[in-house]
Structures are given as C-alpha cells and as structure tokens.
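Heads up, the thing below is written out as structure tokens.
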Amino acid sequence: MGPAEGSPATITDRPPRSPRARAWWVNAIALSKARTAGRDAYAARLSELEVLSAANIVDLLAPGQVLVRLAVSGFGVMLPPA
C-alpha cells in the first residue's frame, strides 16, 4: 500500500499546479538553502523577498486596472536564483 492521498510524499512528488504554488515552493527551497548556509545568507535572502513583496504591493496599490496587472504578473513573487 502506498502513501495516503495528501501525505507529504505525494504532495512533493507532483509539480505545483498554479504559478502561485510554484512561487511558494521556489521561495521555500531558496530560504531553506540560505538557512543552512548561515544566518547572514538567510537574512539576505529574506531581505530580497521582502523587497520583492513590497514592490509587488506598491504595484497593486497603484491606480488603474489591478486585475489586468495581476493577470500579467501573477499574484506572488519569486526569489531569483542565488
């Protein structure tokens, strides 16, 4: 008998279905690698994520058609490769 549906083994084996979920996994892996590299590396990556998120919020608060901008850029932010 295999793992139960929804168990961690099956969740991580299948690719994320939405770009938002993909961004979450990419960020989680990047932060995990930075955390194992040390406090300074983790703080730097977390700071990068904060800057990207703040820029996304500023864009969403700008006047205009928010839904169109979300359709183009998506909901989440993704850390660039280290």
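Scan the range 24-54 for residues that are of a type in the set (Phe, Trp, Tyr) and either in contact with a Lys or Arg (Cβ under 7 Å, 6 or more places away or on another chain) or over 20 Å from Phe75 (Cβ atoms) (or both) and the total you get is 1. Considering only residues that are under 12 Å from the mean Cα position of the chain (by Cα) and among the charged types (D, E, K, R), which ones fall in the range 17-44? Those that are under 12 Å from the mean Cα position of the chain (by Cα) and among the charged types (D, E, K, R): Arg20, Arg22. Picking from residues in the range 1-16 that are part of a helix (DSSP H, G or I) and either over 19 Å from the mean Cα position of the chain (by Cα) or modelled with pLDDT of 65 or more (or both), the one that is farthest from Ala71 (Cα to Cα) is Ala9.
If the condition is being touching a residue at least 24 places away in the same chain (Cβ under 8 Å), over 26 Å from Arg69 (Cβ atoms) and either in contact with a Leu (Cβ under 9 Å, 6 or more places away or on another chain) or among the aromatic types (Phe, Trp, Tyr) (or both), then the range 32-46 contributes only Ala34. Note on the range 47-59: residues that are free of Cβ contacts under 8 Å to residues at least 24 places away in the same chain and either within 16 Å of Arg20 (Cα to Cα) or outside any helix (DSSP H, G or I) (or both) total 2.
Restricting attention to the range 61-82 and to residues that are surrounded by 12 or more Cβ atoms within 10 Å (Cβ to Cβ) and outside any loop (DSSP other than H, G, I, E, B), the residue that is modelled with the highest pLDDT turns out to be Val66.
The residue that is surrounded by the most Cβ atoms within 10 Å (Cβ to Cβ), among those in the range 34-46 that are of a type in the set (D, E, K, R) and under 20 Å from Ala23 (Cβ atoms), is Arg45.
The values are calculated or read from the model by the stated rules, or taken from the named source; none is laboratory data. Nothing here was measured: the structure is a model prediction, and the numbers come from that model. All Cβ positions, even for glycine, are placed from backbone atoms using ideal geometry, and neighbour counts span all protein chains on display.
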